Amino acid sequence: MVASMNWVERLNAEGETREEAISQLRVILVRGILKSFASRGVDNAFAEDIAQDALLRILNSLDSFEGRSRFTTWAMAIAVRTAVSELRRRHFRDVSLEQVIHGENNTLDLGETDVRSAEDSIDRQALYDQLREHIETDLTEKQKTVIQALLGGMPVENIADRMGTNRNAVYKMMHDARLKLKQSFESSGVSPEEIQSILAGGA
Amino acid sequence: MTFSNDKLHRLLEMVAEAKEDLMDCDGCLEHIAHYAEVHLQGLSPREKFAEVKLHLQSCPCCKDEFEYFMQAMQTLDLE
Ligand SMILES: [Zn+2]
């Protein structure tokens, strides 16, 4: 805890103390980013850029650090989120919402064809039909868009960008849509366990 | 709007597993550092962590980030 207080104090200080703390933290963040994103082939320049962006966010939110964790763990969590956001942003830069919804995007389409239809049981087909109906009648247009985009492979964060809203709001739309659909099935006498059993090929 | 059977299948899995999650992604970020430390030290989780865990199960973005975060944690000195 003392060490944590030191970080905040030093980052809040002036002059050399602050500069030194910032450069130490930068080294820690760069090391963490390089390690965690090694499999994504990120280089030093990427890690440095992310550390820089993360440092700004960290310095701007020092007041919100409550000392529940070590300071460096808290800072690293911010840096990792910054990095993942940037990677998502780059990956989806040229992809529109319409493309993922209508499956026009080749980079995301995993070659998924409707192979299921031929082999699906009657129970499963009935379940799909019922779900189509619940989507149509029970979800708002925004919820439908979010669900379509998610199933098309776009992360919540990028959907939020396209819809001009934030990640929390899109997460909430997805969350509420899932619960709503679950309730709709329950109201028509289909429990979650039954859904899982039909999907698994039983029942 | 049309949905292929593959997509409906995936959505049905998401629907069947859906649980009420009171946390959002910002809330998750607020607690994730502490959660990760406790997770690594194998200490007993507190009730707030049930919410974090539930959010990680429900939110693909935060789950994804948590996995990278745990990698980054290996470079931190937790003494
Ligand atoms: Zn989240």
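The values are calculated or read from the model by the stated rules, or taken from the named source; none is laboratory data. From a predicted model like this one, the values you see are computed outputs, not experimental measurements. When we count neighbours, we look across all protein chains shown, and the Cβ atoms used for this are built from the backbone with ideal geometry, even at glycine. Each accessible area value is taken on the protein alone, full model and side chains, heavy atoms only, with ligands, DNA and RNA left out. Shrake-Rupley method; radii C 1.70, N 1.55, O 1.52, S 1.80 Å.
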I need the full set of residues from the range A:34-48 which are surrounded by fewer than 16 Cβ atoms within 10 Å (Cβ to Cβ) and either more than 13 Å from chain B (Cβ to nearest Cβ) or not polar (S, T, N, Q) (or both), in order please. A:Ala38, A:Arg40, A:Gly41, A:Asp43, A:Asn44, A:Ala45, A:Glu48
Which residue, of B:Gln57, B:Gln74, is within 7 Å of chain A (Cβ to nearest Cβ) and either more than 10 Å from the ligand (Cβ to nearest atom) or under 25 Å from A:Leu199 (Cα atoms) (or both)? B:Gln74
Quick check on this structure: which one of B:Glu20, B:Glu67 is under 12 Å from the mean Cα position of the chain (by Cα), of a type outside the set (Phe, Trp, Tyr) and within 15 Å of the ligand (Cβ to nearest atom)? B:Glu67
For residues that are facing chain B (nearest Cβ under 9 Å) and modelled with pLDDT of 85 or more, scanning just the range A:103-128, find the one that is nearest to the chain's Cα centre (by Cα). A:Tyr128
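Conditions (1) out of contact with any helix residue (DSSP H, G or I) (no Cβ under 6 Å at 6 or more places or on another chain); (2) within 11 Å of chain B (Cβ to nearest Cβ); (3) at negative phi; (4) in a helix (DSSP H, G or I), marked per residue:
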site	(1), (2), (3), (4)
A:Gly32	no, yes, yes, yes
A:Ala51	no, no, yes, yes
A:Leu56	yes, no, yes, yes
A:Asp63	yes, no, yes, yes
A:Ile78	no, yes, yes, yes
A:Arg88	no, yes, yes, yes
Looking only at residues in the range A:157-184 that are open to solvent by less than 40 Å² (accessible area, probe 1.4 Å) and within 7 Å of another protein chain (Cβ to nearest Cβ), which one is farthest from the ligand (Cβ to nearest atom)? A:Leu181
Would it be correct to say that A:Val84 is surrounded by 14 or more Cβ atoms within 10 Å (Cβ to Cβ) and either touching a Lys or Arg at 6+ places or on another chain (Cβ under 6 Å) or in contact (Cβ under 8 Å) with a residue 24 or more places away in the chain (or both)? no
